[in-house]
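Please read the structure below before turning to the comments.
The values are calculated or read from the model by the stated rules, or taken from the named source; none is laboratory data. Because the structure is a prediction, the values reported are computed rather than measured. For neighbour counting, all protein chains shown are included, and Cβ atoms are generated from backbone atoms with ideal geometry for every residue, glycine included. Just the protein is used for accessible areas: all its heavy atoms, side chains included, with ligands, DNA and RNA removed. Shrake-Rupley method; radii C 1.70, N 1.55, O 1.52, S 1.80 Å.
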Amino acid sequence: MTTDLVTVDSDTTVDVIEKIFDENDFHHIPVLKKSGELVGIISKVDYIMICDRMTIFQKHYNEHINSRFFKSLLAEEIMSTYLATAEPTDTVAFAASLFKENLFHSLPIVDKEDKLLGMVTTFDLLNYAFSESPAY
């Protein structure tokens, strides 16, 4: 489980989210209430889907449109709110079954009050499964 997470508030603008994805090598950003409660997740795919399709040609005009649009769009408007979560005491098998059943790639780990403690990804499970001595 990764515990050193970059998170955003629901009122964070997408231009900030764009910068986070550009500067980091991860694919999911948890969205939290001011109280620390998990309310959503933004995946890199969520972000890419709102990009102007014409920016693939790297035309200044299209990039300018995205820039203006991203300054007005909020995290809560693009985040996924259908969330499966796990608790720290849940097993690796439980996490794997959630990934398989729901076809997503990140699983927030929360406490009883839905406060975010960390995140497990499919990559984490692969690393665990192929480590020297996995203990299931």
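A few remarks follow.
- Residues that are open to solvent by less than 60 Å² (accessible area, probe 1.4 Å) and among the hydrophobic types (A, V, I, L, M, F, W, C) within the range 1-10 comprise Leu5, Val6, Val8, listed in sequence order.
- Residue list for the range 11-45, filter: open to solvent by less than 50 Å² (accessible area, probe 1.4 Å), among the hydroxyl-bearing types (Ser, Thr, Tyr) and at pLDDT below 95: Ser43
- Any hit, the range 83-100, residues being touching an Asp or Glu at 6+ places or on another chain (Cβ under 7 Å), outside any loop (DSSP other than H, G, I, E, B), closer than 18 Å to Thr2 by Cα and not acidic (Asp, Glu): no
- The residues listed here are Phe57, Phe104; of these, the one that is of a type in the set (Phe, Trp, Tyr), at pLDDT below 85, open to solvent by 50 Å² or more (accessible area, probe 1.4 Å) and under 27 Å from Glu18 (Cβ atoms) is Phe57.
- Residue match in the range 10-24 (condition: out of contact with any helix residue (DSSP H, G or I) (no Cβ under 7 Å at 6 or more places or on another chain) and β-branched (Val, Ile, Thr)): yes
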